1. Out of (1) under 21 Å from the mean Cα position of the chain (by Cα); (2) farther than 25 Å from residue A:193 by Cα; (3) more than 13 Å from ligand 1 (Cβ to nearest atom), the odd one out for residue A:166 is which?
2. As an exercise: evaluate residue A:88 against (1) at pLDDT below 80; (2) under 23 Å from the mean Cα position of the chain (by Cα) and give the number of the one condition it does not meet.
3. Among the residues of region A:80-134 satisfying the criterion of being of a type in the set (Lys, Arg) and away from ligand 1 (no atom under 16 Å from the Cβ), which is surrounded by the fewest Cβ atoms within 10 Å (Cβ to Cβ)?
4. Would you confirm whether or not region B:259-279 contains a residue that is more than 27 Å from residue B:217 (Cα to Cα) and assigned to a helix (DSSP H, G or I)?
5. Please indicate, with yes or no, whether at least one residue in region A:70-79 is within 14 Å of chain B (Cβ to nearest Cβ), touching a Gly at 6+ places or on another chain (Cβ under 6 Å) and open to solvent by 80 Å² or more (accessible area, probe 1.4 Å).
6. Evaluate region A:144-154: report whether one residue or more is away from chain B (no Cβ under 14 Å), at pLDDT below 90 and more than 14 Å from ligand 1 (Cβ to nearest atom).
7. Find all pairs meeting these conditions: Cβ atoms under 7 angstrom apart; at least six residues apart or on different chains; first residue within region A:43-55 and more than 9 Å from chain B (Cβ to nearest Cβ); second residue at pLDDT below 85.
8. Look at region B:291-322 and say how many of its residues are more than 17 Å from the chain's Cα centre (by Cα), open to solvent by 40 Å² or more (accessible area, probe 1.4 Å) and touching a residue at least 40 places away in the same chain (Cβ under 8 Å).
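The values are calculated or read from the model by the stated rules, or taken from the named source; none is laboratory data. All figures in this text were calculated on a predicted structure; none of them were measured in a lab. Cβ: placed from backbone, ideal geometry, glycine included. Neighbour counts: every protein chain shown. Heads up: the accessible areas ignore ligands, DNA and RNA and are worked out on the full protein's heavy atoms, side chains in. Shrake-Rupley method; radii C 1.70, N 1.55, O 1.52, S 1.80 Å.
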Amino acid sequence: MNKMTDIDQKKCHPMVGVPIEKLRPKQVRKNLELTLWESLYIFEIIRGMYITTRHFVLNMIGFVFKPKGQKRRIFTVYYPEEKVTIPAAYRGRPVLVTWKNGKEKCVACGLCEKICPANAIMIVAEERDGSDRYPSAYTLDMSRCVYCGYCEEVCPKEAIVMSAEYQGLAERDRSKMIYSKEQLLRSEESVKDRIEYIRRIYSKCSY
Amino acid sequence: MLADMIESIAKILFIFGMNIGFFAPVLGWVERKQSAVMQDRIGANRADIFGFTVIGLFHSIADAIKVLTKEDFIPTGANKFFHTAAPFISLVPAIVTFCVIPFGGRYTLFGHDVNLVISDLDVGLLFIFAFSSLATYGAVLGGWSSNNNWSLIGGLRASAQMLSYEVAMGLTIIGVLMVYGSLKLTEIGVMQENFFRWGIFMQPLGFVLFLTCAIAENKRAPFDVPEAESEIVAGYFTEYSGMKFVMFWMGEFLEIVTISGIVTTLFFGAWHLPFITDQMLLSFFQFAGSNGASILAMLVNIATFFIKVIFFIWMQMTIRWTLPRFRYDQVMKLCWKMILPLSLINIFITGLVFLR
Ligand code: SF4
Ligand code: SF4
């Protein structure tokens, strides 16, 4: 594990891939000469056909008698009908989080606008009742966004987070991909998991 | 006279309906679905009519509509005549060869002698070889006339491969001819009534060699070098689209059926059930009267034959989705250095044992 993912909190041990000590590379036979048995082909072909047929038969049985806790033996998802649960680490469409009263958390500090590598964000700041700052216009050009998540990382108020929304991101017309503030507002409740996740991850990294 | 004509027309309609109406579209579906399930995928299942997908079977209909409405493209510089003729040349032999394969025995129906083969040629086996070598021209002409380098390479590979395997295939069959002493497929079929006289027991080596040669002749994986997608786009039919492309494709599928038919006839007892002679079948159905017994026995035999054919189709599909492609020199080496000597040895041994 490298330094970035080695987080001293017990709760969070993000592990990517197989740990190195569990990787046991298979022994590969290097000499390319076939043995007599293999150069007869027939028996090796029958062995190969046995493997494919076994997969075929087991999968066919799996369609009828469903294995425990699974819908079928093949783990492909029938996409529009079935959907996978998106993990909290997933970076979907960036959305603006609101307070309970429906007002956006954003204070129009402009950090996200500044950090955005694709120049996708445009903010117009204004004052409300002579005290709070708020963005009177927050335009997010999703035809430019690269889903890097920098805006979320840099935001001091947890006002913009990467939600789990992955549908309806593409349009036939680019002008429809420019979202206004009203289109991006989401309640705090709907992005709860992600906020928890970024608190856990970003608070531990020292820059 | 009239009865003969009706019989012929009925047989022709049956075989062609079976081949073009049933096997060609269904094999397209099987190839997709079987390979998918074999590789832990799901496969085509999106085409639906009123929400019914029938496990992807409607994709064949969708395909048909697609190819019929597609542009028929002829590249500039292509030889128009040969470019158009090539798919026909490769499809027609695949259909025609099935007419000498018997799919049932001889029956007496209402005093009329019915022989379940479209054309009972004395030289049936030679006819099959003659026509299956014609299919080579389809591939070669298609590759040559397309004015495309990939096609040309594909065509050249096809010509060399198919001609080589033609030789080997001819030799592998000679063992069977020596055992049964006939080129007439119906006679070979009749002689396999006894389970232990099936070709597979007489010629086990011949069977393996013949199947290998037949798959190579049909240009399917692991011998699909003429159309190797990863090397030369699609080989000799790179420049084909729409209906002509489908004719190549259908020719390939129908040839699978034909190969299965030949293998069944020569090596797996044709239309006979193991351990059950035609006479036993007739006496078993005696309760239905003599005509009824004939009809029932006929149906049982036809069903037996097609079940065997379907088994071999399935086997060829499995081989196609199991094995990787041979390298081109390996294909040639396999033919000239392994199959040819082995088939000669097979002939020699057969001669020692049977001719005495
Ligand atoms: S995710 Fe990255 S590209 Fe998209 S708006 Fe945020 S900072 Fe810009
Ligand atoms: S960084 Fe956060 S608070 Fe600042 S402008 Fe962007 S969304 Fe608003």
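1. Every listed condition holds for residue A:166 apart from (2).
2. (1)
3. A:100
4. For region B:259-279, residues more than 27 Å from residue B:217 (Cα to Cα) and assigned to a helix (DSSP H, G or I): present.
5. Looking through region A:70-79, at least one residue is within 14 Å of chain B (Cβ to nearest Cβ), touching a Gly at 6+ places or on another chain (Cβ under 6 Å) and open to solvent by 80 Å² or more (accessible area, probe 1.4 Å).
6. No, the conditions are met nowhere in region A:144-154.
7. Listed pairs, sorted by first residue: A:43/A:37; A:44/A:38.
8. Summing the residues that are more than 17 Å from the chain's Cα centre (by Cα), open to solvent by 40 Å² or more (accessible area, probe 1.4 Å) and touching a residue at least 40 places away in the same chain (Cβ under 8 Å) in region B:291-322 gives 3.
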